[in-house]
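Undergrad: Let me give you the structure first, and then I'll get to my questions.
Read-outs: derived from the displayed coordinates by stated rules, not from any lab. Given the structure is predicted, the values throughout are model-derived calculations rather than measurements. Positions of Cβ are generated from backbone atoms using ideal geometry, with glycine treated the same way; all protein chains shown enter the neighbour counts.
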Amino acid sequence: MPGQDNPEDNKRVARRSRVLKQGKMLLPNNMTLLDCTVRDLSETGAKLMCSDPGAIPNEFRLVFTADRMMRDVKVVWRRPGMLGVQFTSEPRKAPLLKW
């Protein structure tokens, strides 16, 4: 309802900004890349839009395609069409691949 606080917002350590960035989820086997869209971003995590959140493992690497940076993440919540992830590493350059 308008005017009410979102309980998810109260759990956040860092303030999230709305963004629209293309990303790739690099799964643990380092062979599978899945498309996603980064919708919210903070220093500690992100909200990702993807086609089948239930098929995504609990830990993977998130690649930000525009700047070729990546971070290790772990899933903290799942909803239809979206995931909430927490960053578990510092940002670093992604390997040179055709993203």
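Undergrad: Fewest first, what order do Val63, Val85, Val76 take by the number of other Cβ atoms within 10 Å?
TA: Ranked by crowding around the Cβ, least crowded first: Val76, Val63, Val85.
Undergrad: Taking 0.36 nm per residue of sequence separation and subtracting the Cα-Cα distance, how much length would be gained by fully extending the chain between Glu43 and Leu27, in nm to one decimal?
TA: Working: separation 16, 0.36 × 16 = 5.76 nm, distance 2.18 nm.
Working it through step by step, the gained length comes to 3.6 nm.
Undergrad: List every residue whose amide H lies under 5 Å from the amide H of Thr88, counting only residues 5 or more places away in sequence or on a different chain, with H placed 1.01 Å from N in the peptide plane.
TA: Counting only residues 5 or more places away or on other chains, the set is Asp72, Val73, Lys74.
Undergrad: Among Arg61, Arg79, what is the fewest-to-most ranking by other Cβ atoms within 10 Å?
TA: Numbers: Arg61 19, Arg79 11.
So the ranking, lowest neighbour count to highest, is Arg79, Arg61.
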